[in-house]
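Asks: Sharing a structure with you now.
No value in this document is a laboratory result; all are computed from the given coordinates. In this text the structure is predicted, and so the values were computed from the model without any measurement. A quick note on method: Cβ atoms are made from the backbone with ideal geometry, for glycine too, and the neighbour counts reach across all protein chains shown.
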Amino acid sequence: MARKQLGRKIDAQIQPRWLKISGVFKRLVTLCRHSGAMEMSHSRYFFYHPLARRANLAALGCVLLLGLLVRYVALVVLSEPLPPFSDSANYIEMARTLSEGLPMRDAGGNVAFFSPGYPMVLALAFGVAGAGLSTANAVNLTLGAVTILVTYLLAKRATGDRVVALIAATAFAVLIPAVAGSAMVLKENLSVP
């Protein structure tokens, strides 16, 4: 009996006003208690229940979709033809030559002027989907989504709190420099994740 009263006291202390009114929180806490999945770490014990994990994964999926949508809009808005000797044109040319089985060369014919890591990743995608700017942009969108996921995992590992991790991932998903960088074919897209 004393344990039940202690549980009610803790519930009353940590519940925000809107959760008290809705009753959803009480139902989920009761479900957590009966399943044995609840740990008494006050504000975080709600997130150890399997149903809460599914909701958290759904929220992470929404954050990933938001990040992809924002980056796609940036690609459309910031798209412009590549200057012939820009870094982006050089990375695409290096990836194209590598995907065709030739020695990696940039647009100026140089063999070892730019770093080869990002063009190697692009060459893998070019081998599957064909060489072009749209394939490079698809790789950048994928790398942006991976970076959002890595941000979530690092924040969750550092804080132990999934809500904080979702906030960190959401903040990175809409971070303007990261979004604008995804719209450009540059090695920084691979350097971040």
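Asks: Counting Lys +1, Arg +1, Asp -1, Glu -1, what net charge surrounds residue 95 among other residues with beta carbon under 15 Å of its beta carbon?
Replies: That sum, taken over residues with Cβ under 15 Å, equals -1.
Asks: Between residue 62 and residue 78, what is the spin-label point distance in nm, taking each point 7 Å from the Cα along the Cα→C-beta axis?
Replies: It works out to 2.6 nm between the two label points.
Asks: Please name which of 104, 155, 192 has its Cα lying farthest along the dipole of the stretch 96-193 towards the positive end, using unit charges on Cβ (Lys, Arg +1; Asp, Glu -1) and the Cα centre as origin.
Replies: About the Cα centre, the residue reaching furthest to the positive side is 155.
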